[in-house]
Amino acid sequence: MGVPDRTCRQLASPHLAFAHARWSTVRAERRRSRMTFRCGAFQHELLDRLGRQDEAIHHCKNAVRLQPAFAPSHNNLGIVLSQEGKPEEAIAEFRAALDLDPDLAEAYQNWGAVLGRQGKFKEALAPLASALRLNPDYADARRNLALAHYQLGSALARDRKPAVALAHWRPALQLNRDWPALLNALAWTLIAE
């Protein structure tokens, strides 16, 4: 006849109990890692505003450690590192985010913004243009790309290279038509030619 059902359950129960406990632990770890990412993503901004950058960095690093293949975690860590005055580490995190997700416009924008703050306007053009290509309505990328073109044009105008300066100011003007300093610089350069 076979072994009664109750006996099968009794024999199998230690194995099932172990498997169930292990699966519950895995599910809890996944849930906790998603929550940690969410906390890292949202708390880093709050902690930064409260002047608790070390905690913000800790949360973002924890999110990256728990989900290293999640590009927004690297992007958030890059933002916090940038605000902490660690531009090279920030750029490395933005690049890591882009290695994981080449369509993450925010990482391109943040990378370009960090380069712009370092005065590396020529290097900032490519990532900012990529951010704008991926998201044409991205206001920060549009503003930062216009600023990079404006700064390059201004430097060239000071070096008495008006034609090359105009080549940078025209794209800046297309990106931001209501910029008095740019309009003024453009007018004076055109008058001087």
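Where a number appears in this text, it was derived from the coordinates with a stated rule and is not lab data. Every value quoted in this text rests on a predicted model; they were computed, and no experiment measured them. Every residue, glycine among them, receives a Cβ derived from its backbone with ideal geometry; neighbour counts consider all protein chains shown.
Rounded, prolate or oblate for segment 154-193? Axes are the square roots of the Cα gyration tensor eigenvalues, ordered a ≥ b ≥ c, and the cut-off for rounded is a/c under 1.5. Don't jump to the answer; show the numbers that get you there.
Working: a/c = 2.04, a/b = 1.54, b/c = 1.33.
Here segment 154-193 falls in the prolate category.
For a straight C-alpha distance cut-off of 18 angstrom, the lysines reachable from residue 122 (same-chain residues fewer than eight places away being disregarded) are 161. Estimated from the Cβ-Cβ distance and a Förster radius of 35 angstrom, the FRET efficiency linking residue 183 and residue 101 is about 0.40.
How big is the gap, in Å, between the Cα center of segment 83-132 and the Cα center of segment 56-72? Taking the Cα centre of segment 56-72 as reference, the centre of segment 83-132 is 18 Å away. When only Cα pairs below 8 angstrom with a gap of at least 6 residues are kept, segment 63-193 shows a relative contact order of 15 percent.
Where does each of 54-62, 181-189 land if you order them by average Cβ count within 10 Å, highest first? Mind showing how you got there, number by number?
Details: 54-62: 19.4, 181-189: 14.9.
Ranking the peptides 54-62, 181-189 by packing returns 54-62, 181-189.
Listed by chain and number, the lysines placed with their C-alpha closer than 16 angstrom to that of residue 120 are 86; residues fewer than eight positions away on the same chain are left out.
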